[in-house]
1. Quick one: accessible surface of LYS108, probe radius 1.4 Å, all protein chains present, in square angstrom to the nearest 10.
2. Quick one: net charge around LEU281, please, counting Lys, Arg +1 and Asp, Glu -1 for every other residue with C-beta under 14 Å from its C-beta.
3. Just how large is the dipole of the range 117-200 about the Cα centre, in debye to the nearest 20, putting +1 at every Lys and Arg Cβ and -1 at every Asp and Glu Cβ?
4. What percent does the relative contact order of the range 1-120 come to when contacts are Cα pairs within less than 8 Å and at least six residues apart?
5. Using a 1.4 angstrom probe, figure out how much accessible area the range 1-144 has per residue, in square angstrom, rounded to the nearest whole.
6. With runs of 4+ DSSP H residues as the only contributors, calculate the mean residue ellipticity of the chain at 222 nm using -39,500 (n - 2.57) per run, divided by the residue total and rounded to the nearest 500.
7. How big is the accessible area of TYR221 in square angstrom, nearest 10, if you roll a 1.4 angstrom probe over the protein chains?
8. Quick one: Karplus J couplings for the range 94-104, per residue in order, coefficients 6.51, -1.76, 1.60, θ = phi - 60°, nearest Hz, x for Gly and Pro?
Amino acid sequence: IPQTDTFIEKDSAINEEIERLRLSATNSLMNRRDVIIVASVSCIYGLGSPEDYKGMVVEIERGSEVDRDALLMKLVDIQYQRNDIENSPGTFRVRGDCVDIFPSYAKKGVRLEFFGDCVESIARIDGLTGHREAEMEQVVISPAKHFVTPAYKMETAITSIQAELEERIRWFEERQKLLEAQRIRMRTNYDIDMMRELGYCSGIENYSRHLTGRPPGARPYTMLDYFEGDFLTIIDESHATLPQIRGMYNGDQARKRVLVEHGFRLPSALDNRPLNFEEFLQVTSQTLFV
């Protein structure tokens, strides 16, 4: 609400079950062919780069040499948090030679037992009781969040964000919009500090154009980009769904323009958007309208 200088932060109380299912969907698409995804129209909204997501998976085989501390650092890099008390999704715990990982997309955990730097055993465990359910030869751990960025790309992205920030501050000051200039400076610098320290910040998706290195105006990566090769799209209730797909883009742009005009977001936030109708038709090949 620009008149009262009020920015109502998007409620970040994420529904954990829905978030788990989203991550499970992308994890399945990365690892197998026999996948059916039931999606709402939100599947045309921006998601992190499939290339970065795939590049940051952690693969571990039984009998392989793995430096335990290096493994823990890798888990932190892909947004897992250490929690030795609660076995919640997206966490790991360490007890002696034993590392328990609770993937953000699964109900079961994974237990790695080390002998020195050798992975002696890998087991699937019950998340609640810790009971071993099955022995495994190897395990692939996908990132805990969709917006994950390798460290070298993060530095490049931050440099790009800072350049856009300076340009935007200059634009506001030339038009004597000093409040807006101060607002965008404080907000963006805070987000940059968070990205440097944690590799993540609230609303990181608004910087997705910089994080993925896309040119201005380019379409975002979405759930549909995680499909490899051929796939079939079935649009149910298509007489109502197709107008909704078209309307999503227009509504999103109208809301974000207010944020950009009043210094709450950088102009690049406009590129964190749903697909427009033409883009949607381009990324879905075979389609059945029901």
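The values are calculated or read from the model by the stated rules, or taken from the named source; none is laboratory data. Predicted model only: the values in this text are computed from it and were never measured. Here Cβ is always computed from backbone atoms with ideal geometry, including for glycine, and neighbour counts include all displayed protein chains. Remember, those area values only see protein heavy atoms, side chains included, never the ligands or the DNA or RNA. Shrake-Rupley method; radii C 1.70, N 1.55, O 1.52, S 1.80 Å.
1. Its heavy atoms expose roughly 80 Å² to the probe.
2. Working: positive: ARG219, ARG246; negative: GLU278, GLU279.
Overall, the nearby charge balance is 0.
3. Working: 12 positive and 16 negative charges, 124 e Å.
In total the dipole reaches around 600 debye.
4. Working: 112 pairs, mean separation 25.8, N = 120.
About 21 percent, as a whole number.
5. On the way: 8350 Å² over 144 residues.
Here the residues of the range 1-144 average 58 Å² of exposed surface.
6. Numbers: 8 runs with 113 residues, N = 290.
One gets -12500 deg cm²/dmol as the mean residue ellipticity at 222 nm.
7. Approximately 70 Å² for this residue.
8. Per-residue couplings from phi come out as 10, 9, x, 8, 10, 10, 9, 10, 10, x, 5 Hz.
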